[in-house]
Amino acid sequence: MIHFWSFFFVINTFFFQNSVIWKTFLLTLPTKTDNDMKEKILFVCLGNICRSPAADGILKAQVRERGLDHLFEIDSCGIGSWHIGQLPDSRMRRHGHDHGYRFDHRARQISKDDFTRFDRIIVMDNDNYRAVSSLAPDKSYMGKVEMIARYLRHHKGQTTVPDPYYGNDRDFEFVIELLEDACEGIIDDILTKQTIRQ
């Protein structure tokens, strides 16, 4: 009797799968949306007015240039609340403009929700890493927090992206140079891992 019903189930399933009803049913099943397929990246620095909004703008520009907008969701924030709602530092915006970038992100503070929303939380220096790690809801989220220097390809001896706030024009230029390098590394790393998964 068991074998009979097993055989009946197989035959019934075969014909059902080839029916209009089955195909209509499949269309109602939930599928991954474009947003689910995106790699969600959050850049973090101290106040979200220099390094992280620059990284945000540079990565968006590089992604757009490669026609990869559909694969990325990019944002930035700060550890502190001092500059919430403000545009990036005028010096950073000026240097970004000189390189063809538009840094117009409005500063916000990191929240615990960011740990579930984003796949990678990329910080600029060791102090950022410690501060952001301490905000993680639990240890399972720690793997999302990364140092941006790990993506540098042409500045191998550089371990951080230093804060240019109290520096001069050269310091701001150096930040942009480092971020351009790191953002290219981020894109290549993500594309390589997506290719492997496929």
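Translational diffusion of segment 46-195 was estimated from the Stokes-Einstein equation, with Rh taken as the Kirkwood radius over Cα pairs; at 25 °C and 0.890 mPa s the coefficient is 157 µm²/s. For Ser76, the residues 5 or more places off, or on other chains, whose built amide H falls under 5 Å of its own are Phe43.
What does the net charge come to around His105 if you take all other residues with beta carbon closer than 14 Å to its beta carbon, with K and R at +1 and D and E at -1?
+1
At full extension, Glu65 and Arg102 could sit 11.9 nm farther apart than now, given 0.36 nm per residue minus the alpha carbon distance. At a Förster radius of 25 Å, what calculated FRET efficiency corresponds to the Cβ-Cβ distance of Glu146 and Asp171, to the nearest 0.05? For R0 = 25 Å, the calculated efficiency reads 0.60. Beyond 20 Å between alpha-carbons counts as too far, so tell me which of Lys112/Lys144; Lys60/Lys139; Lys38/Lys144 fall in that bin. In this structure, Lys60/Lys139 exceed 20 Å between Cα atoms.
Evaluated over the Cα positions of segment 121-178, the convex hull gives a direction-averaged projected area, one quarter of its surface, of 4.4 nm². Amide H to amide H, with H built 1.01 Å from N, Glu146 comes under 5 Å of Ile121, Ile122, Val123, counting only residues 5 or more places away or on other chains. Each Lys or Arg adds one and each Asp or Glu subtracts one; over the other residues with Cβ under 14 Å from the Cβ of Thr160, this totals -3.
Where the only charges are on Cβ atoms (+1 Lys, Arg; -1 Asp, Glu), what is the dipole of segment 68-198 about its Cα centre, to the nearest 20 debye?
Values: 18 positive and 23 negative charges, 71 e Å.
Dipole of segment 68-198, to the nearest 20 debye: 340 debye.
Counting heavy atoms of the protein chains alone, Glu184 has an accessible area of about 60 Å² for a 1.4 Å probe.
Over all directions, the projected convex hull of the C-alpha atoms in segment 35-96 averages 4.5 nm² in area.
The convex hull around the C-alpha trace of segment 77-166, projected and averaged over every direction, spans 6.9 square nanometres.
The values are calculated or read from the model by the stated rules, or taken from the named source; none is laboratory data. These numbers come from a predicted model, not from an experiment. For neighbour counting, all protein chains shown are included, and Cβ atoms are generated from backbone atoms with ideal geometry for every residue, glycine included. All accessible areas refer to the heavy atoms of the entire protein, side chains included, with ligands and DNA or RNA removed. Shrake-Rupley method; radii C 1.70, N 1.55, O 1.52, S 1.80 Å.
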